[in-house]
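Q: Below are the structure tokens for one structure; questions will follow.
Read the figures in this text as sums done on the coordinates, not as results from a lab. These figures come from a predicted structure and were not determined experimentally. Quick reminder, even Gly has a Cβ in these numbers, built from the backbone with ideal geometry, and neighbours come from all protein chains shown.
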Amino acid sequence: MNKDVSIKVCMGTGGIAAGGVEVMSTFEKALASVGIKAAVQKNCSMHKVGCRGFCARDVLVDVIIDGTKSTYQYIKPDMVERIVQEHVVGGAPIGDWLVTDDYHTFHDKQVKVVLSDCGEVDPEDIDSYLGRGGYEAVKKVLTTMTPQETIDVIKASGLRGRGGAGFPTAVKWDMAIKATGPKKYLICNADEGDPGAFMDRSVVEGNPHAVIEGMIIGAYAIGAPHGYVYIRAEYPLAVERLHLAIKQAKERGYLGKNILGKGLDFMIKVKLGAGAFVCGEETALIASIEGKRGQPKAKPPFPVQKGLWGYPTIINNVETLANVPYIIRKGASWYAAMGTEKSKGTKVFALTGKILNSGLIEVPMGIPLKEVIYDIGGGIENGKKLKAVQTGGPSGGCIPANMVDTTLDYESLSKVGSIMGSGGMVVLDETDCMVNVAKYFLQFTQSESCGKCIPCRVGTKRLLEILTRITEGKGREGDIELLESLAADVKTSSLCGLGQSAPNPVLSTIRYYRDEYEAHIYEKRCPAGVCKDLLSYSILEEFCKGCTACTRVCPAGAIIGEKKKPHKIIQDICIKCGACFETCKFKAIKKG
Amino acid sequence: MPNMTVTVDGKKIEVPMGSTILEACTAAGSRVPTLCHDNKLHPFGACRICLVEVEGTPRKFTPSCTTPATDNMVVKTTSPGLIEARRMVLELLLIKHPLDCPVCDKAGECSLQDLVHEYGLGPSRFDPEKGYLPPDYESAIIERNISRCILCGKCVRICDEQNAVGEWAFTRRGTRARISTDFDRPLDCEFCGECVEICPVGALTTRQFKYKARSWNLEGTASVCNYCGCGCGVSYETREGRIMRVGPARSNYLCTKGRFGWDAVHHAERLTTPKMRVNGELVDCTWDEALSIIATNLKVIKSRHGAEKIGGLGSVRTTNEDSYVFQKFLRTVVETNNIDTLARLKTPKGLNTTFFSGELNKMASHEVILVLDKNVGEINPLTGIEIVRAVNKKDRKLILVNDEFNKFNKIATVVLPTSTVNALENLVKALSSGAGSEESKRAAAMLKAAKNVAIIVPAQLSDNEFTLIRDLAGKLPEVTYYPLVRRSNFQGSLDMGVMPSYYPGYRKIDETSTADFAGLWNAVLPETTGMNAVEMIKAITQGKLAALYIMGDDPAGSDPGLKGILQKLEFLVVQDIFLTETAKLAHVVLPAASSTEKSGTFTNLERRLQQVNKAEEPIGESRPDWEIIQDIAKKMGGSMKYGSTRDILAEIRSVVPAYKDLAFGACWAREKSPLAGMADDLSLTSDSIMKQEVITAERLLFSSGMTITRSHEIGTIRHYKIEV
């Protein structure tokens, strides 16, 4: 009875939040207890692994016995004992606790490149990464390729910047190799700030060595001896694992002086950002590293001409860099075979909102949105109808339900008025108010505006102000036109990408849901029933049984009536919390 | 530099490579509005009002101030779309702007006001949001009115980029962003007021000008600042004949003294009438009484003791004309060469023989700047500013000798944290043998590699330091010196021959020169050279000097030890604008007009001839110095008949070769001085006089003399740094 047992516990931020640490320690205890080792008789290893995407089912645990993998979901510490006894020792998986079919459909349409090792390797152990071919790409470029050849491979792969704008990575590197100066810098932008986006965090948490490997290759290609990872301090786990990974890579000779004896010098410093969204903008990011106020500068000069401390600087996003080792290892044509003509490879999305299977997904470019929503995502929660999909975060736009055939690539998304962005994807259903969605994103950009240029500083504030009054039922005639004109001006006049794209959520929702705006302004009605000030609850006398359930839950004491007789809501006292609506078993509360 | 062709609004022009679109537009005569741009600053690109349309670019509008122009670029500065975008920016700014123009000192010269009028903004489409924040009155001199601020950041940038002080900064973000000091504490800076000057709106204003006048009622008089040797051009802005405020004219910068310190001339203690000593007390008298007493006494002393027992101490703050007439009076009427200025005790050895200053505005043409005096920014603020400009705008390298810490440390490439003499020794050693500390070696390597070097020469030099500077310069290919000079017309007083051994124009007194000048002046001249200032003071104690005429200097104020000595004089005349410590000892005190109240010329440390113009009438009965001297000369039988300062300048031009064809605003060339390259030393040394440094509770910048300490505005600055 010789068995090779490996147990992998999801320890991404999601896994830890769901209790991963306790699950892991319980496993360790159970395995260490007398008898287990003897019973198993061979290797039994425990790994923490990074996010494997399906955060909704955490804690996810893999038990691999002689190569046969069984994945458990929703694992709690008290379930560990039984798994060890029945599965690890007994060899029989516990059927009830295993993941269901939809776990597999979630993964079926995904193609994992950047995330291929996330959830498989132990992010805190370089050997785990090395065991899966890690750092092979570094060896390959250092021993067999010139910097120009490295760039040529990236060019042939068609890799474009995953930070949002989709600028071809090889073109950027090409400019850097041509830039002259005593120093050059390569910066990895891990300042992921879009609300609801956690792609970069998951990559750094799940496979930090891939990012480091990508940076080494980039540094070799452009000739930069210094690297920075600019990562937000709100990602403590990612920061910790990154530090650890850099330390391990240095110990193994992948970082530092004379890497692998090939004469390449490269060291990475980690700079923690204080969480300003605008510091994701290249020039503001550089200012922040320099210890200055995180505020964008006018371009030109571009960072590649005059960047960090005045030297040529290349800034690549985490996902872009994490793609690089895989492209080098597997070849440009392998990568270029995925995706569309102009958008190659895969893209990681953070799928959230009113979707059944929320989580982190990686799909080939050009996949129809429909497949992401209904196949991978498993459709809309609670059987509701899809209304729109918001992509690109606060700089992006909405794709309405009737355009769900749109494919996910840079060109198609921009055609429908949205952007790829860094990969946020929020699914909205019929109960979402589009004016409110626009307001939500404007609230974000307005409070993240650095205040340097007037259109963004004052303009976003006014856009928000108008949106707010529309949702409060104080919208005026001409407000839509005013929004459109102001949004257009803010877009054309602002200094940096933040201001230039901040009006996108407004423009895109007006474009597709003008009727909703009109309903708010002219009919003082929120069709989705979201905007509180436009809502009222009333009791339909013919359905009310006088059960008093609503009076008991009403926190404001706004419902009066005698037992067994129809009740009444006093509108002046009602705070429109909707508690009565949720409670009533007889559908006697009318919302609208 | 090669040129490129840019078409602006259909007009083709040539501009140098590297010009921005805005510069091209200006060159083409197309005005593009700006709010956050200033030629003194790096492009910022914040206000978005300078947008233009560029053909063939993907973006609809391009900011002209930050975008470099390219060859064959086609630019449009107006179009309906651009006007719309600019109007939007203005409309957004006005949402929060208090529109308190009727009580705002900036009204009439406010960029926002002007642009709103130009673009004809009507009622706003947005709800106003007048969040009134009370003005900040806590700082000295400068008031901050946040509600009016448009956050262009000019104050932040000028203070950092030009001054290297960095007192202002942006704090907070988005709509809550504002301009602030550290934790909103009161200002603790150089108080130069450059931030007020550059503020496009009324967010920063001065207390001095508050509610004083509307800008359109002011008349400007171009003149020269009378504080330090930089001689910055100023514009005295008057209303009904009284100065209300002062702005920069030529050098595009004023320090706190130049901008705010002029109010000393409005001080209540100004001398308004002549005074004479009666029964030991100084009492008011008439001009005629005062001048007669002086003439009589000088004549009596001359006939009784001889002219060599009379001396004169001139001023380094009066005009060239005053100084010229002063020395001519003593030489031709009193017939003595006992003429000098005490200021020579506080000047670097070698000034005007070895060290001839380069032009300040060419500081940035030097690859490396070596600062040998850490107080450069306090003694000659403009020299300090030009250094910062050279480093920050032109990326010049700065080697700083400073054993303390000040603003220059922040921008220095290498700091040598030691005394001037040690630093010089180390540099000379490192340059010749390559030995020395890491810093010295770095500095030496920079000096060696530089095509040309500017050396800031300290305001005072020991013999050793002097030799070392010459040694150092000998090892470098091209050196321009920038000696520090404390007083406004020190150079002029030397040029005019207010020295015992030189006639005007540095003609050494000897038989030939005496014969020449006797001919030029049609007078009998003393045959021997005179006593210098130090010798004169010594002579008083020995009874060898009986009478002293002091014009515009305060020896007893600078060195209290001189009080007792001056009291031994038989006859002391003091001519000044205040009743100084020295004047209190005088037998006759004469009220002089200040530099704002008279015309003439100054020659600054660059040897630049500058016109001083009268901006207000002399206070009380005060009169220009030269007029007073001329009247005494007349009473003593002299033949001076100058009708105006122009007559005097004409004579100066005929007597001093360097001034012959010297245009206003031009610097005279070092070759014009007979002393250039000679071993003469025009500085004085003394073991006893003016030796002790005055202990002051304030920075040198705010307390460098008796006039500035009488400025009300400068007096409001409270500093507690003790300098010994």
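Q: Taking the range B:265-378 as the region of interest, what is the percent of Cα-Cα pairs per 10 angstrom bin, listed from the shortest bin to the one with the maximum distance?
A: Per 10 Å bin, starting at 0, the Cα pair percentages come out as 10, 24, 31, 17, 13, 5, 0.
Q: In which sequence would A:TYR537, B:TYR132 go, from the one with the fewest C-beta neighbours within 10 Å to the one with the most?
A: Exposure proxy ranking, most exposed first: B:TYR132, A:TYR537.
Q: Still on this structure: Using Cα positions and a limit of under 16 Å, work out the aspartates and glutamates in reach of B:LYS441, with same-chain residues fewer than 8 apart set aside.
A: Counting by Cα, and skipping residues close in sequence, B:LYS441 has these aspartates and glutamates nearby: B:GLU425.
Q: How far is helix B:625-635 tilted, in degrees, relative to the longest principal axis of the Cα atoms in chain B, given as a value from 0 to 90 rounded to the nearest 10?
A: Helix B:625-635 sits at roughly 20 degrees to that axis.
Q: For peptide B:46-52, how many partner chain Cβ atoms fall within 10 Å of a residue's Cβ, on average?
A: Per residue, the average neighbour count from other chains is 5.
Q: Based on alpha-carbon centroids, what's the gap between the range A:65-94 and the range A:352-406 in Å, whole number please?
A: 33 Å
Q: Here is a further query. Using modelled backbone amide H atoms (1.01 Å from N, in-plane), which distant-in-sequence or interchain residues come within less than 5 Å of B:ILE369's amide H?
A: It is B:LYS397, B:LEU398, B:ILE399, B:ALA454, by chain and number.
Q: Rounded, prolate or oblate, given the Cα gyration tensor of the range A:385-449, with a/c below 1.5 counting as rounded?
A: Here the range A:385-449 falls in the oblate category.
Q: Whose amide H sits under 5 Å from the amide H of B:THR20, counting only residues 5 or more places off or on another chain, with H placed in the peptide plane?
A: For B:THR20, the qualifying residues are B:ALA69.
Q: Taking Cα atoms of the protein assembly as shown, Rg/Rh with Kirkwood Rh, to two decimals?
A: 1.10
Q: For A:ILE94, what charge total do you get from the other residues with a beta carbon under 11 Å from its beta carbon, if Lys and Arg give +1 and Asp and Glu give -1?
A: -1
Q: Further question: Using Cα centres only, tell me the gap between the range B:129-200 and the range A:192-243 in whole Å.
A: Computed from Cα coordinates, the inter-centre distance equals 38 Å.
Q: For a protection proxy built on the mean count of beta-carbon atoms within 10 angstrom, sort A:113-123, B:616-626, B:441-451, A:567-577 highest first, please.
A: A:113-123, B:616-626, B:441-451, A:567-577
Q: Compute from the Cα atoms of chain B the Rg and the Dmax, the latter being the longest Cα-Cα distance, and quote both in angstrom.
A: Answer for chain B, Rg first and Dmax second: 28.1, 93 Å.
Q: Taking every Cα atom in the range A:126-336, find the radius of gyration and the maximum pairwise distance Dmax, and write them in Å.
A: Final numbers for Rg and Dmax: 15.7, 45 Å.
Q: Can you give the local net charge around B:ASN489? Use residues other than it whose beta-carbon is closer than 14 angstrom to its beta-carbon, Lys and Arg +1, Asp and Glu -1.
A: +1
Q: Hey, another quick one. With Cβ to Cβ distances under 11 Å as the rule, what net charge do the other residues near A:PRO303 carry (K, R +1; D, E -1)?
A: Net charge in that neighbourhood comes out at +3.
Q: Could I ask something else about it? Give a residue-ordered list of calculated ³J(HN,Hα) values for the range B:216-233 (Karplus: 6.51 cos²θ - 1.76 cosθ + 1.60, θ = phi - 60°; whole Hz; x for Gly, Pro).
A: For the range B:216-233, the Karplus curve yields 6, 8, 8, 10, x, 10, 6, 8, 10, 5, 9, 8, 10, x, 5, x, 5, x Hz.
Q: Just checking the output field for A:488-501: average partner chain Cβ neighbours within 10 Å of each residue's Cβ?
A: The mean count of partner-chain Cβ atoms within 10 Å per residue comes to 4.
Q: So, in Å, what gap is there between the alpha-carbon centers of the range B:465-503 and the range A:490-566?
A: That distance is 81 Å.
Q: Still on this structure, please answer the following. Show me, for the range B:515-531, the HN-Hα J-couplings you get by feeding each phi into the Karplus relation (A = 6.51, B = -1.76, C = 1.60, θ = phi - 60°), rounded to Hz, glycine and proline as x.
A: 5, 4, 5, 4, x, 4, 8, 6, 8, 8, 10, x, 7, 10, 6, x, 8
Q: What pairs in B:LYS309/B:LYS349; A:LYS184/A:LYS269; A:LYS247/A:LYS269; B:LYS302/B:LYS544; A:LYS545/A:LYS585 have C-alpha atoms more than 18 Å from each other?
A: Result: B:LYS309/B:LYS349 exceed 18 Å.
Q: I would also like to ask the following. Pull up all non-local amide H partners of A:MET425: gap of 5 or more, or a different chain, and H-to-H distance under 5 Å with H placed in the peptide plane.
A: Amide H to amide H, under 5 Å and 5 or more residues apart or across chains, A:MET425 pairs with A:ALA350, A:THR352.
Q: Here is a further query. Report, in deg cm²/dmol and to the nearest 500, the calculated mean residue ellipticity at 222 nm for chain A, where each DSSP H run with n ≥ 4 adds -39500 (n - 2.57) and the sum is divided by the residue count.
A: Rounded to the nearest 500, the figure is -10500 deg cm²/dmol.
Q: Something else: Please find the FRET efficiency linking A:ALA556 to A:SER414, where r is the Cβ-Cβ separation and R0 is fixed at 45 Å, and quote it to the nearest 0.05.
A: My answer for the efficiency is 0.45.
Q: Rounded, prolate or oblate: which fits chain A when a ≥ b ≥ c are the square roots of the eigenvalues of the alpha-carbon gyration tensor, with rounded for a/c under 1.5 and prolate only if a/b beats b/c?
A: Since a/c reaches 1.5 but b/c is at least a/b, the shape of chain A is classed as oblate.
Q: In straight Cα distance, which lysines are under 28 Å from B:LYS106, not counting same-chain residues fewer than 8 positions off?
A: By straight Cα distance, B:LYS106 reaches A:LYS452, A:LYS461, B:LYS40, B:LYS96, B:LYS130, B:LYS154, B:LYS210, B:LYS212, B:LYS257, B:LYS614.
Q: Relative to the longest principal axis of chain B, what angle (0 to 90°, nearest 10) does the C-alpha long axis of helix B:381-394 take?
A: 30 degrees
Q: How large is ³J(HN,Hα) for each residue in the range A:63-74, as worked out from phi by the Karplus curve 6.51 cos²θ - 1.76 cosθ + 1.60 (θ = phi - 60°), to whole Hz, x for Gly and Pro?
A: 10, 10, 10, 6, x, 8, 9, 10, 10, 9, 10, 6
Q: Further question: Take every DSSP beta bridge with both residues inside chain B and express the antiparallel ones as a percent of the total, to the nearest 5.
A: DSSP beta bridges in chain B are roughly 55 percent antiparallel.
Q: Return the average number of partner chain Cβ atoms within 10 angstrom of each residue Cβ along peptide B:89-97.
A: 4
Q: Another one. Over the range A:5-99, what is the percentage of antiparallel beta bridges among all DSSP beta bridges, to the nearest 5?
A: Roughly 65 percent of the beta bridges in the range A:5-99 run antiparallel, per DSSP.
Q: Same structure again: Take the range A:346-429, compute every pairwise Cα distance, and split them into 10 Å bins from 0; I just need the percent in each bin.
A: 21, 61, 18, 0
Q: For the Cα atoms of chain B, what angle does the longest principal axis make with the long axis of helix B:438-449, in degrees from 0 to 90, nearest 10?
A: Around 90 degrees separate the two axes.
Q: Also, I was wondering about something else. Order of B:547-558, A:92-103, A:478-489, A:198-209 by packing, highest average Cβ count within 10 Å first?
A: A:198-209, B:547-558, A:478-489, A:92-103
Q: Arranged from highest to lowest average of other beta-carbon atoms within 10 Å per residue, in what order do the peptides A:70-77, B:485-492, B:671-678, A:53-60 appear?
A: Ranked from most to least packed, the peptides come out as B:485-492, A:53-60, A:70-77, B:671-678.
Q: Given all pairs of different Cα atoms, what value in angstroms does the Kirkwood hydrodynamic radius of the range A:389-511 take?
A: Roughly 14.4 Å, rounded to one decimal.
Q: Here is the link list: B:LYS362/B:LYS410; A:LYS76/A:LYS109; A:LYS415/A:LYS532. Which ones come out longer than 27 Å on Cα distance?
A: Where the Cα-Cα span goes over 27 Å, the pairs concerned are A:LYS76/A:LYS109; A:LYS415/A:LYS532.
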